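Down below is the structure, laid out as structure tokens.
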Amino acid sequence: MKPILYIVIPCYNEEEVLPITCQMFLDKIKSLIEKELIDNKSRIMFVNDGSKDKTWDIIQELSLKDDHYIGICQSRNRGHQNAVLAGLMEAKEKCDITISIDCDGQDDINAMDEMIKEYLNGAEIVYGVRSKRDTDTFFKRLTAQGFYKFLNWMGADVVYNHADYRLVSSQVLEEFSSFKEVNLFLRGMFPLVGFKSTSVYYERHERIAGESHYPLKKMLALAFDGITSLSVKPIRMVMTLGIIIVILSILGALSLLVTYFTQGKMIQWIYITTIVFLVGGIELVGMGIIGEYIGKIYMEVKARPRYIISDRTYQSKNNRGHV
Ligand code: UDP
Ligand code: MG
């Protein structure tokens, strides 16, 4: 049986680009249907993220023009990550696979063929990964690459150069729906769900029209969200710093003792620095310990699933009844 695909596309103030890219998406889905890779019940699902321009009107018109276009509208602007989640959760009951992609034509839609083939070969998640960043400015490239390196270093496991262009099966989405957290960083959360995953490489283009809604400020906010919602490493760093400072103060005390017994004098500045370091270090260690507990509370409050079963030898979606 051919899978039903839902292409989930978040749109925020995209009246300039949507009339151009909507045709590209339609051509793509039709060609995938013709190639018999997906079922004719597949759809292009636009998620209007509380746009202030004509985006929603355009989406409504499109849905009247062709059955393959459908749309949902968020009550207000909630940001890209929430818009993607809304679309995926809406789609998961209606389809077998979803592909999330931006609506500005930057991500190469031709990678979809390969993504679906990977799904047919058994992958449940297929990450779209940018092979190069020639079209980005030097600054964007540098900040974006720093972003991934920094995230990994801080303990948030993300696929390098993967944004939010990915194929996810409805089975994975079903499990994903029990990740109840409010601060979303989807690209770091899907690897946590597990299941067989792979990557497909594509070249990223320039925006076809309109302008980016992701200035440096929003990118930093996203990075910060990613780190703080996926890792407690920053707390541990406070503790490590505290321990280092306490060790330094012990060295200071030792050097004081040595100079006192060998030269018979007390060096004032080392004396004061040692005391300041000792007190400061102990405070930091204390904060780190408290932080460690807060970190645990934070993880508990998220109430993430403790295990996820990916397969059974018998057919029972809810695991109810006898086998
Ligand atoms: N977007 C959204 N809500 C927002 C901001 C952006 O749904 O609050 C959508 C936007 O319409 C686009 C995608 O998220 O489809 C990526 O945004 P953009 O192209 O501005 O970011 P960039 O590609 O420059 O990082
Ligand atoms: Mg873009």
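The values are calculated or read from the model by the stated rules, or taken from the named source; none is laboratory data. Keep in mind it's a predicted model, so treat the numbers as computed, not measured. Reconstructed Cβ throughout: ideal geometry from the backbone, glycine too, with neighbour counts over all protein chains shown.
Could you run through the range 26-50 and say how many residues are without any contact (Cβ under 8 Å) to a residue 12 or more places away in the chain and in a loop (DSSP other than H, G, I, E, B)? Number of matching residues: 1.
Results for (1) surrounded by fewer than 20 Cβ atoms within 10 Å (Cβ to Cβ); (2) at pLDDT below 90; (3) within 16 Å of ligand 2 (Cβ to nearest atom), shown as yes or no for each residue.
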| position | (1), (2), (3) |
| --- | --- |
| GLU34 | yes, no, no |
| SER42 | no, no, no |
| LYS52 | yes, no, no |
| ILE72 | yes, no, no |
| GLY79 | yes, yes, yes |
| MET89 | yes, no, no |
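Condition check ((1) part of a loop (DSSP other than H, G, I, E, B); (2) under 30 Å from ASP157 (Cα atoms); (3) at pLDDT below 90) across all residues:
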residue	(1), (2), (3)
PHE190	no, yes, no
PHE195	yes, yes, no
VAL200	no, yes, no
ARG236	no, yes, yes
LEU254	no, no, no
TYR271	no, no, yes
GLY291	no, yes, yes
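Look at (1) more than 16 Å from ligand 2 (Cβ to nearest atom); (2) among the small types (Gly, Ala, Ser); (3) part of a helix (DSSP H, G or I) and you find that ALA83 fails only one, number (1). The set of residues from the range 223-251 being touching a residue at least 40 places away in the same chain (Cβ under 8 Å) and closer than 28 Å to ASP164 by Cβ comprises ALA223, ASP225, GLY226, ILE227, THR228, SER229, LEU230, SER231, VAL232, LYS233, PRO234, ILE235. Taking the stated definitions as given, is PHE185 out of contact with any Gly (no Cβ under 8 Å at 6 or more places or on another chain) and touching a residue at least 24 places away in the same chain (Cβ under 8 Å)? No. The condition of being crowded, with 24+ Cβ neighbours inside 10 Å and of a type outside the set (Gly, Ala, Ser) holds for only one of ILE20, ILE9, that being ILE9.
The residues listed here are GLN145, GLN171; of these, the one that is of a type in the set (S, T, N, Q), surrounded by 13 or more Cβ atoms within 10 Å (Cβ to Cβ) and either under 13 Å from the mean Cα position of the chain (by Cα) or more than 21 Å from TYR6 (Cβ to Cβ) (or both) is GLN145. Among the residues of the range 174-184, those identified as at pLDDT 85 or above and either exposed (fewer than 13 other Cβ atoms within 10 Å of the Cβ) or within 16 Å of ligand 2 (Cβ to nearest atom) (or both) are SER178, LYS180.
To keep it simple, each residue is scored yes or no on (1) more than 23 Å from GLU16 (Cβ to Cβ); (2) away from ligand 2 (no atom under 16 Å from the Cβ); (3) surrounded by fewer than 20 Cβ atoms within 10 Å (Cβ to Cβ).
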{"residue": "CYS95", "(1), (2), (3)": "yes, yes, no"}
{"residue": "ILE101", "(1), (2), (3)": "no, no, no"}
{"residue": "ALA111", "(1), (2), (3)": "yes, no, no"}
{"residue": "GLU114", "(1), (2), (3)": "yes, yes, yes"}
{"residue": "TYR119", "(1), (2), (3)": "yes, yes, no"}
{"residue": "GLY122", "(1), (2), (3)": "yes, yes, yes"}
{"residue": "GLY128", "(1), (2), (3)": "yes, no, no"}
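On the basis of being closer than 23 Å to ASP49 by Cβ and either assigned to a helix (DSSP H, G or I) or within 15 Å of the chain's Cα centre (by Cα) (or both), does ILE116 make the cut? Considered against the rule, which asks whether it is closer than 23 Å to ASP49 by Cβ and either assigned to a helix (DSSP H, G or I) or within 15 Å of the chain's Cα centre (by Cα) (or both), ILE116 comes out as no. Of the residues making up the range 197-219, those that are within 13 Å of ligand 1 (Cβ to nearest atom) and either more than 18 Å from GLY146 (Cβ to Cβ) or not basic (Lys, Arg) (or both) number 13.
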